[in-house]
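Following: one structure in structure tokens, then a few remarks.
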Amino acid sequence: MTELATRLVPRARPRVSTVVVAALLVAAVTPYVRAVPYHGETLPGTSVAGVDLAGMGHAAAVASIQAAVLPSLTRQVVLSAGGERFAVRPSELYALDAVATADAALAASRRTEPERMAALVGFREVEVAPVLVERPEGIAGFLAQVRKAGGRSATAATVEMSGREPTVTPSSDGLRLDPTRLLADVRHAAFDGGAVTARFLPSKARYSTTDAEGAAKLARDLTGTPVYVFFEGRPLRTLAPHELARLVEFEKRSGDFLVAFDQERVARVLGPAVGRHEVRAVDARFEVVGDRVRVVPDRPGIGLDEAGAVAGVTAAAYSPDRRIAE
């Protein structure tokens with residue numbers, strides 16, 4: 001009788017498993033219950049410029065963002081560059097897009113379901129960065145001012161002939177502003193305070209002193225001994241070292257110097273020597289003979305091949321032993 005009564009009388013306390021299942025159901029349902037009031041509103045833990053936007057609709061978020069961000073953009077940021085100090089207002093460089101910022105705040109923590117659940121139960125906090133639109137003219141003027149204060153352009157080396165001797169003007173390194181880092185520092189200082197120091201990076205010249213000195217050495221080698229010009233196997237003209245020096249030119253090519261001879265100057269030097277071998281070209285023409293008209297054919301001429309001449313002189317000058325140009 002006692003055993004039967006025990007089976008028929010309900011237990012006074014629920015089983016432990018029942019309590020656990022109920023707790024899990026409550027934990028699972030709670031975020032969805034909390035999500036109901038946040039439909040179309042920013043989720044908990046969402047802030048912009050340190051201002052909590054939880055539960056705000058789009059219009060309210062836009063107003064709160066403007067109130068939080070605009071004072072920071074009008075605050076003066078002190079900048080140091082090359083020993084000079086001056087101030088800039090971020091509002092001269094950027095404009096706040098409050099609508100886009102509010103859109104980003106409403107979308108925050110909604111990318112995945114776990115993120116949304118974490119926000120609803122208070123386990124996730126997101127600081128949304130204000131969306132700033134650049135003012136191109138303001139930024140260009142600001143960067144120009146900073147570059148002028150602390151920057152320095154790199155100067156490329158040059159090489160030119162001075163009589164028979166090549167003269168080298170050395171290169172000098174410069175200082176190049178890091179504009180991306182500077183603008184990021186200004187934005188950071190606008191919201192978090194503090195001064196900004198412009199950073200300048202070493203800037204190498206495109207054409208170095210070493211490049212120019214190498215070209216000068218090559219020019220000395222090319223003009224050190226005469227070049228003998230031949231025409232149809234017979235000597236035509238000897239180009240002495242001082243004449244070769246006047247023909248040299250230095251061209252800048254892809255970070256290096258090309259040492260060559262100027263085509264027009266080579267033609268002017270060789271022109272008189274070639275003149276006695278030239279044959280003037282004659283155009284075709286009509287000729288009347290009695291009552292008939294006949295065509296007198298053209299007659300080709302012979303003249304200096306300027307491109308071929310400079311190529312021949314260059315090849316001879318570069319040759320270590322056979323300095324003969326055909």
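The values are calculated or read from the model by the stated rules, or taken from the named source; none is laboratory data. Remember, predicted model here, so these are calculated numbers, not experimental data. Cβ atoms come from the backbone with ideal geometry, glycine included; neighbour counts cover every protein chain shown. Side chains included, ligands, DNA and RNA excluded: accessible areas come from the protein's heavy atoms. Shrake-Rupley method; radii C 1.70, N 1.55, O 1.52, S 1.80 Å.
Miscellaneous remarks
- Asp305-Leu201 pseudo-label distance in nm [points 7 Å out on the Cα-to-Cβ vector]: 5.0
- Straight-line cross-link partners of Lys217 among the lysines, defined as a Cα under 27 Å from its Cα and at least 8 positions apart when in the same chain: Lys204, Lys252.
- A full extension of the chain between Val295 and Ala59 corresponds to an added length of 75.7 nm, given 0.36 nm per residue minus the alpha carbon distance.
- You can think of it this way: the chain between Glu278 and Glu232 has 15.3 nm of extra reach, that is 0.36 nm per residue less the Cα-Cα gap.
- Gaussian network model of the chain, Cα within-10 Å springs - most flexible of Thr180, Thr155, Thr197: Thr180
- The slack in the chain from Arg89 to Asp52, taken as 0.36 nm per residue of separation less the alpha-carbon distance, amounts to 10.8 nm.
- Accessible area per residue in Å² at 1.4 Å probe, computed on the chain: 61
- For peptides 218-227, 186-195, sequence by mean Cβ density within 10 Å, most packed first: 218-227, 186-195
- In the chain, Cα pairs under 8 Å separated by at least six residues give a relative contact order of 12 percent.
- Of the solvent-accessible surface of the chain, computed with a 1.4 Å probe and all protein chains present, 56% belongs to carbon and sulfur.
- Between 0 and 90°, nearest 10: helix 98-107 axis offset from the chain longest Cα axis: 60
- Cα gyration tensor, region 201-301 - rounded (a/c under 1.5), prolate or oblate: oblate
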